[in-house]
Structures are given as C-alpha cells and as structure tokens.
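The values are calculated or read from the model by the stated rules, or taken from the named source; none is laboratory data. Note that the structure is predicted; figures quoted are calculated from it, not measured. Glycine also receives a Cβ, built like all others from the backbone with ideal geometry; neighbour counts cover every protein chain displayed. These accessible areas exclude ligands, DNA and RNA; they are computed on the full protein's heavy atoms, side chains included. Shrake-Rupley method; radii C 1.70, N 1.55, O 1.52, S 1.80 Å.
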Amino acid sequence: MSTQATRMMSDPLEFNNMIPVLVALILVVFTYVLLKQLFGKAKGNTIIMTGIEGSGKTALYAQLIAGKEIQTQSSLTENTSQLSEPPLKVVDIPGNARLRGDLFTKYSGNVRGVVVVVDSADFVDKIRECSEVLYEVLLNESVRSSRCPVLVFCNKQDEEMSRGPDPIKVAMERELTTLNNTAANALSDDSGSRKMLGAENETIKLDKLGNKVTAAGGVCIGPETDISNLNSWIAAL
C-alpha cells in the first residue's frame, strides 16, 4: 500500500474528505458510459426504401435519384444508388413479400433512415399489408437500436381517391395495435422473447416509439410530381 493510501486510512478525516471526490469521479465515468451507449454509435449511411408491390416505390426512387419518370416493373433484386448531397446510399427493396425481409435485413446494419412507401389511393384495400411492412421495419433490431427516423411516404396524393397523411397514420396505428396484440398471443421465439412494439393491449402511437415516425404526402409521376417532403426529410437526416 502506498504512503498516501496509508496516511488516508490512518486519518479518518482526510479519508472522509476524499469521499465526495470519489463519488463525483464515479458519476462522471457512469455518465460518460451512458452517453456513449446512447449517442456514441456512428450514424449509418443508407436510406432504405420499402413497401408493398404497386406502391410506386421504384418510381419514387427514380425521381429521387434521377429526377425523372421511368417505366417500372416488379423486380426480384434491389436498386442501389448514391446521393451526392447529402452523401448517402439509397436502396430500393423489392416489394415482393418473400424477398423484402431478407433484403431489408441485408442493408439494415448501416441504416440511416427508412422510407415506407404507401399507395394513398389504394390504401383502404391494402391497409393490413402496408401496416405489416411498417411493423416489420419498426421491429428490425438495427432500426430499433439506431433509433433512425422512419418516413411513411403517402404516394399518389394527386389521385381522386387518395387518403391524406394524417388519416393514413391514424389507420396504421390501429392496425399496428392489432398486429401487436396478435404477437402477444403468439408463441415466443427461440430466444424466449416476444417481438412486440408495446405491451399487450397497449394502443400503439407512432409518436411515442423510440424511432421518430412521420407521415408526409407526395406525387412521383405526372404533371403534379412533388417529392419535396421526401427531399426535406432526407436533408434533415
């Protein structure tokens, strides 16, 4: 034992004076570790675009990357491009349900943000499918741990039967609540934990999740083309 330590142990008053210093040091170390865990992880550089088939996802991707319309068709592979400003990679995941999950996982490890594209004009008929996509995104481990923002892009706002972003968001929250309750009644996975967005019978509110989830409208094809909401969202990442 050092001479200083011996003197401290033999002098109770000096030792007591050191206690506040030691407590302060421990608090500093604890705060540093906590902040490191919360904010220390480097942001990813990939924007993932996903959604069901027919949502206009690839047409939106083309407008974002090239600023023009293209003829699109169902694909079995992803499209990837690089934005110059901000310098982010954009990945367009096929809407095919059998491919979507694996390809999303492939790129999610470096995720910066996720765009879930919804067909606003066909939303009433496809509400469950669209909500399932969002549910899968929000349960993805990389999405949850990174707390990356998620944009529900309500496409085809120029069509007569289209629903606005706010009604779509409310309707998806109802479906997410139903999906969450269904998961609560299902068997747990091999790890012994249930994959859920909230507690059983909890009403899911997108504003209260760990990820910031917003809904915005736009049009990616035709004379009323407007993807400014998407561009603004990306600029803020």
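Restricting the range 49-84 to residues that are of a type in the set (Asp, Glu) and modelled with pLDDT of 90 or more, the residue that is nearest to Ala121 (Cα to Cα) is Glu53. From the list Asn211, Asn201, the lone residue that is in contact with a Ser or Thr (Cβ under 9 Å, 6 or more places away or on another chain), part of a loop (DSSP other than H, G, I, E, B) and open to solvent by 20 Å² or more (accessible area, probe 1.4 Å) is Asn201.
Across the range 48-107, the qualifying residues are those that are assigned to a strand (DSSP E or B) and of a type in the set (D, E, K, R), and the one among them that is least open to solvent (accessible area, probe 1.4 Å) is Asp92. Residues in the range 139-156 that are open to solvent by less than 60 Å² (accessible area, probe 1.4 Å) and not hydrophobic (A, V, I, L, M, F, W, C) were compared, and the one that is farthest from Thr105 (Cα to Cα) is Lys156. For the criterion of being outside any helix (DSSP H, G or I), surrounded by 10 or more Cβ atoms within 10 Å (Cβ to Cβ) and at pLDDT below 65, Lys41 passes.
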